[in-house]
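Below you'll find the structure, written out as structure tokens, and then a few comments.
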Amino acid sequence: MMKSRELIYAACENKEVDRIPLIFWRHFPSDELSISNFAKAIIKFQNKFDFDMVKVTSASNLITEAWGGKLIYRDDKEGSCIGTRKVLDYPVKNYKDWKKIKKLDISQTLLQKELDAIKIIRENIDNSIPVVCTIPNSLTVAKMLSGELWLKDMKEHAEEFHRGLVIITEVIIDFIKLYMKSGAESVFFYTHAATNILLTEKEYKTFGIKYDLQIFSEVKNYVDLFIFHMHGSDIMFDLLKDYPVQVINWHDRTTKPSLKDAKKVFQGAVLGGIDEHNILMKRNVDDIKKQVRDTIQQTNGRGLIIGPGCVLPVNTPVKNILAVKEAIAEYQN
């Protein structure tokens, strides 16, 4: 039987696999307050379900605090996928602040805790299972540092905004390299900005692609595998489908393209097929298994990693997650 790493890399090359790989990930809001608890929660989640990759997913806007923002923890009583903390004070308050952004010494920030957590996780997870770190792209970080101001500054103060993106990009590159040295080997690289709802393709070419490609280029010798996640609706899939990545992930059940259509134009593996909110969270086992079967049929089981369109709601029923694993096994037997 092929082990997890073999399955993932075979899928990326559209080769036949003896079992379709599966990965789910979620936030652990209260556990994130402690390095040890955060690492233990991820290890426990992995040991319970035996996924083919371990994705380390901390609060997405922690980088805001690394640059001097003020955040507070918020309890997730609704059981949603909350992976952010409430921002009390953004580091960027006006367009002039983009030029004040400084290069970070990661060892002196909260980001160092993530690196420490990676080390613990890698030491306690089977070596045949890849560990994936989660990294926002430069535009997404700009959003995290300024709230909604980034859109206005991008359009009205491009020079200052570019200056901020240059520094942000340098820090992301440093952070990825440190992640790899800490035990991760793969990167889940995501953007919240590659959607026609927020930007035009011309704007993304100017303020997004330039910095994304710089990151890919400067860390390619450190990273074994890139997963590229396009967050949101009406994504710029056709614009970004040729990024130098092995896996693409998006909300394929709620926005175009379908997995089937994506496979026609993307040479690597597609990650998705599961509607984490409307099906996995809310429906019964039969409905979940039906969606798994449809996912496999769309791709003929080639170049496929089954997973969600994005992070799981924190109170997703255990039996529903297990139903996905059962459906994969049933389909292939």
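The values are calculated or read from the model by the stated rules, or taken from the named source; none is laboratory data. None of these values were measured; they are calculated from a predicted model. In this analysis, Cβ positions are derived from the backbone assuming ideal geometry, glycine residues included, and neighbour counts consider all displayed protein chains.
Do we find a residue being part of a strand (DSSP E or B), modelled with pLDDT of 95 or more, within 19 Å of the chain's Cα centre (by Cα) and aliphatic (A, V, I, L, M) anywhere in segment 255-268? Steps first, please.
Within segment 255-268, the subset part of a strand (DSSP E or B) is none.
No, segment 255-268 contains no residue that is part of a strand (DSSP E or B), modelled with pLDDT of 95 or more, within 19 Å of the chain's Cα centre (by Cα) and aliphatic (A, V, I, L, M).
Of all residues in segment 117-176, those satisfying the criterion of being among the polar types (S, T, N, Q) and part of a loop (DSSP other than H, G, I, E, B) are Asn127, Ser128, Asn137.
I'd like to check something: does segment 93-111 contain any residue that is under 19 Å from His27 (Cα atoms), crowded, with 21+ Cβ neighbours inside 10 Å and of a type outside the set (S, T, N, Q)?
Within segment 93-111 (the criterion being under 19 Å from His27 (Cα atoms), crowded, with 21+ Cβ neighbours inside 10 Å and of a type outside the set (S, T, N, Q)), the answer is yes, since at least one residue qualifies.
Scanning for something buried (at least 21 other Cβ atoms within 10 Å of the Cβ), modelled with pLDDT of 95 or more and over 30 Å from Tyr9 (Cβ atoms), does segment 122-142 turn up at least one residue? Yes: segment 122-142 contains one or more residues that are buried (at least 21 other Cβ atoms within 10 Å of the Cβ), modelled with pLDDT of 95 or more and over 30 Å from Tyr9 (Cβ atoms).
Restricting attention to segment 217-234 and to residues that are under 17 Å from the mean Cα position of the chain (by Cα) and surrounded by fewer than 18 Cβ atoms within 10 Å (Cβ to Cβ), the residue that is farthest from Cys133 (Cα to Cα) turns out to be Ser233. Here Tyr222 passes the criteria (1) aromatic (Phe, Trp, Tyr); (2) part of a loop (DSSP other than H, G, I, E, B); (3) touching a Ser or Thr at 6+ places or on another chain (Cβ under 7 Å) except the one numbered (3).
Could you check segment 1-115 for strands (runs of 3 or more DSSP E) lying wholly inside it with 2 or more residues that are of a type in the set (A, V, I, L, M, F, W, C) and touching a residue at least 24 places away in the same chain (Cβ under 8 Å)? Walk me through it before giving the result.
Numbers: elements: 54-56, 70-72, 86-89.
Ranges flagged: 54-56.
Within segment 247-273, count every residue that is in contact (Cβ under 8 Å) with a residue 60 or more places away in the chain and surrounded by 20 or more Cβ atoms within 10 Å (Cβ to Cβ). Walk me through it before giving the result.
Initial filter on segment 247-273 (in contact (Cβ under 8 Å) with a residue 60 or more places away in the chain): 247, 249, 267-269, 271.
Among the residues that remain, those that are also surrounded by 20 or more Cβ atoms within 10 Å (Cβ to Cβ) are: 247, 249, 268-269, 271.
Result for segment 247-273: 5.
Regarding Ile172, is this residue surrounded by fewer than 16 Cβ atoms within 10 Å (Cβ to Cβ) and among the aliphatic types (A, V, I, L, M)? Criteria not met by Ile172. Does segment 177-208 hold any residues that are surrounded by fewer than 18 Cβ atoms within 10 Å (Cβ to Cβ) and part of a helix (DSSP H, G or I), and which are they? Hits for segment 177-208 are Lys177, Lys181, Glu201, Lys202, Glu203, Lys205, Thr206. A Cβ distance below 7 Å, combined with a sequence gap of six or more or placement on separate chains, defines the contacts here; from segment 280-291, residues that are free of Cβ contacts under 8 Å to residues at least 40 places away in the same chain and farther than 9 Å from Ala323 by Cβ reach residues that are among the hydroxyl-bearing types (Ser, Thr, Tyr) and surrounded by 15 or more Cβ atoms within 10 Å (Cβ to Cβ) in the pairs Met281/Thr316.
The lone criterion from (1) part of a loop (DSSP other than H, G, I, E, B); (2) at positive phi left unmet by Gly272 is number (1).
Condition check: in contact with an Asp or Glu (Cβ under 6 Å, 6 or more places away or on another chain) and either over 19 Å from Val141 (Cα atoms) or not hydrophobic (A, V, I, L, M, F, W, C) (or both). Does Ile20 satisfy that? Criteria not met by Ile20.
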